[in-house]
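Asks: Can you read through this structure? Questions will come right after.
Readers should treat all values here as calculations from the given coordinates under stated rules, not as data from a laboratory. As the structure is a computational prediction, the values presented were derived from the model and not from experiment. Because the Cβ atoms are built from the backbone with ideal geometry, glycine has one as well, and the counts that use them run over all protein chains shown.
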Amino acid sequence: MNSTQLLKASLACALTLGAASAVFAAGMPQGQSADKAKMDSMQKCYGINAAHKNDCKSPGHSCAGQDTTARDPNAFVAVPSGLCEKIDGGKPQPAKP
């Protein structure tokens with residue numbers, strides 16, 4: 001491969017990445033990050049966590065992954081909206097607020 005072909009391939013790659021970035025950015029709501037848009041379609045579901053697999057603060061600790069009890073009614077896992085009630089034991093509210 002000579003330098004002209006290498007330059008053409010590099011330029012084509014850069015243009016493709018730029019176009020893909022523009023398409024992705026155009027699909028995002030104005031002023032929201034990808035994480036924010038994803039979390040808008042998620043809900044907290046209490047009582048379905050596995051041990052050490054909770055998503056955030058629960059009574060007794062203040063960080064994700066620290067709940068030692070499986071299916072803790074006060075620990076939540078983020079799931080897609082509308083799915084929590086379909087999971088056995090899933091509740092949209094904690095047992096003790």
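Asks: Those residues that are surrounded by 13 or more Cβ atoms within 10 Å (Cβ to Cβ), assigned to a loop (DSSP other than H, G, I, E, B), without any contact (Cβ under 8 Å) to a residue 40 or more places away in the chain and not acidic (Asp, Glu), I need them from the range 39-64; list them, please. Step through it out loud before you land on a result.
Replies: Here is the first cut: in the range 39-64, the ones surrounded by 13 or more Cβ atoms within 10 Å (Cβ to Cβ) are 42-51, 53-59, 61, 64.
After this cut, where a residue has to be assigned to a loop (DSSP other than H, G, I, E, B) as well, the list is 47-51, 53-57, 59, 64.
Subsequent filtering for residues that are without any contact (Cβ under 8 Å) to a residue 40 or more places away in the chain retains 49-51, 53-57, 59, 64.
Once the filter is applied, which keeps residues that are surrounded by 13 or more Cβ atoms within 10 Å (Cβ to Cβ), assigned to a loop (DSSP other than H, G, I, E, B), without any contact (Cβ under 8 Å) to a residue 40 or more places away in the chain and not acidic (Asp, Glu), the range 39-64 yields Asn49, Ala50, Ala51, Lys53, Asn54, Cys56, Lys57, Pro59, Ala64.
Asks: Would you be able to tell me the number of residues in the range 80-97 that are within 18 Å of Ala70 (Cβ to Cβ) and assigned to a loop (DSSP other than H, G, I, E, B)?
Replies: At the first step, the residues of the range 80-97 found to be within 18 Å of Ala70 (Cβ to Cβ) are 84, 87-91, 94-96.
Within this subset, residues satisfying the condition of being assigned to a loop (DSSP other than H, G, I, E, B) are 87-90, 94-96.
Residues in the range 80-97 being within 18 Å of Ala70 (Cβ to Cβ) and assigned to a loop (DSSP other than H, G, I, E, B): 7 in total.
Asks: Would you pick out the residues in the range 66-97 that are exposed (fewer than 13 other Cβ atoms within 10 Å of the Cβ) and over 14 Å from Cys45 (Cβ atoms)?
Replies: If the condition is that a residue be exposed (fewer than 13 other Cβ atoms within 10 Å of the Cβ) and over 14 Å from Cys45 (Cβ atoms), then Thr68, Lys96, Pro97 are the ones that fit.
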